[in-house]
Amino acid sequence: MGRRQSPQGRRRPRQGRRPRARRTPLRHLHHARALAPLRPRRIGGPVPLDYAPGTVWPPEEYDLVNAQIGIWAAWHSGDIDQLTTVYSDVTDTTPAEHEKWRPIRKIYSLLRRWFWRQASNTRRPRQRVHVPLAGDIAQASAGLLFAEPPTVECEHKATAEKLEEILPDIWRALSEGAEICAALGGVYPRILWDEDGPRITVTHPDAAVPEFRQGRLRAVTLWRVIRHEGQTVVRHLERHERDEQGHGVIEHSVYVGTVTQLGHVVPLTDYPETAHIQIERDGNQITTGTDRLTAGYVPNLLPNRIWRHLPQASSLGVSDYSGLETMLDMLDLTYSSWARSVDQAQGKLIVPRQYLNDQGPGEGAVFDMDQETFQPVDSLDGTVNLAQVQFKIPVDELDRTVDRIKGDIVNSAGYSPRTFGLDQGVTQATATEVNALDSKDEITKARKIGYWRPVLEELLRALLDVGKAKFQWDVDPEAPLTIEWGGGADIDDETKSRILANWEAARAASTEEKVKFRHPEWEQTAVDEEVKRIHKEQAIGQAEDPGSFRGGFGDEDNRDSPAVVGERPATEEPEGA
């Protein structure tokens, strides 16, 4: 006989067993169904800013990206509240605009026992110390690139003069952008203009919706919040692209919506932040006067190892902090332990019960540290025990631990520990090992210059196009243009002295070359004068003819010297001889 079936024709489960629910098969991140909701909605030609009122903003396909950028931004800010918000799941401390990222951050924080996620005791709050090493790394990266501004050379005289006039403001903006790029994984420089002329500004990567094609930026929608009152959020969207004819345009729109939705379009004149924008065509577009894109994207470092499975994010760069978050968290834990050791090392007194002042029923007893007079107490042995407890601070152990963690973080980020004042045994290292450590800065700088140079060259040409079309600049945007960065960090005097001594011992360089190495900023005239002074002091000059040498050390000495070496000078014969 077969198994009994229910009236509906289904098999009944065996007695004593719970029916098993059908499980959805697990799918990895590369599976097509897992990637389906993350694929970009717009691929191809230009798309106007005509989003539907219920459009989720920022777009859902960038939730993972923006959540990770939010973590990097918290480390870069150095703000304790932001770090606590990022790594905790406390609802009342999470800003409304970050509410949609909570599930992603909660899963991420559960993977590890983060120091910044641990709850504090409400009766005695835990003392937490943050070390702003992440901010120092981003500043060091910007300093390597723009502390000494690059030189821009152009063969067209009028264009070169105009560039010399506008470049100082550009370098200041790009220095800020370089720090953002190192911290958040990338930056979007863009061209804007007003009555004073065109200029370059930068936009953070979590305020942009890019569109890449074959790894190159084809269009980008930049956005900002200009009003946030309760649940109402007003956003300004600015889209840089090329139209169907290949001409550059910038499209502006203002949307009034909620924290998570874009909302409906309103006129630009409704808000003073956008009322000055002069629309030229199609209701919300501005022609740029150039066929080049008036916005670019500079990745910090590639390849992207954390978003390789996201098609819309695979061309984005990664932060200098990528993969170092756990070490940064450990550094803060170590410093906080140091602060806790200092707190615990405060002196404590163990006093007899008789020395305590009764505060009344249920109020306990206290010891008055300022009391000078005490009443004698009777004890069995005639003594009163009063002990002092003083814990030691493990300074050496904590100091070595902090330096080790700092050095590992800086080294993994691609920088020399000496740039951050860390020794790490360099005093006992050989010259080759020291040079290898210092070369990490130059290698990282060269990699980042490779990402900055092409974007900057294209933007400068687009800037010249805009200036020529909108402000009648007498420039040639197609003239040959080259951007060169400096040769690297300056060598300290001690290292220079050691190098010069090696050159002198090996006779590997002329005096002129050594002077140029010692003073690279000198003009050729100053170098020639210094060479002459050195030769004069060292009595280096043209050797005298051996036939005319008379044993002296100069013209004045030779003037009265004998005609032949070893010949006795002639003496006058006495009179009458």
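The values are calculated or read from the model by the stated rules, or taken from the named source; none is laboratory data. Bear in mind the structure is a predicted one, so any value in this text is a computation, not a measurement. Cβ atoms come from the backbone with ideal geometry, glycine included; neighbour counts cover every protein chain shown. The accessibility values were calculated without ligands, DNA or RNA, using every heavy atom of the protein model including side chains. Shrake-Rupley method; radii C 1.70, N 1.55, O 1.52, S 1.80 Å.
One table, with the values for the structure above:
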| item | result |
| --- | --- |
| Accessible area per residue in Å² at 1.4 Å probe, computed on the stretch 495-538 | 77 |
| Protein accessible area in the stretch 495-538, 1.4 Å probe - carbon and sulfur % | 48 |
| Lysines with Cα under 22 Å of Lys392, excluding same-chain neighbours fewer than 8 positions away | Lys348 |
| Net charge of Cβ neighbours under 9 Å - reference Arg461; Lys, Arg +1; Asp, Glu -1 | -3 |
| Listed pairs Lys516/Lys536; Lys157/Lys470; Lys162/Lys470; Lys406/Lys445; Lys448/Lys516 exceeding 23 Å between Cα atoms | Lys448/Lys516 |
| Mean Cβ count within 10 Å, highest first, over the residues of peptides 204-211, 56-63 | 204-211, 56-63 |
| Convex hull per residue volume in Å³, alpha carbons only, for the stretch 495-538 | 64 |
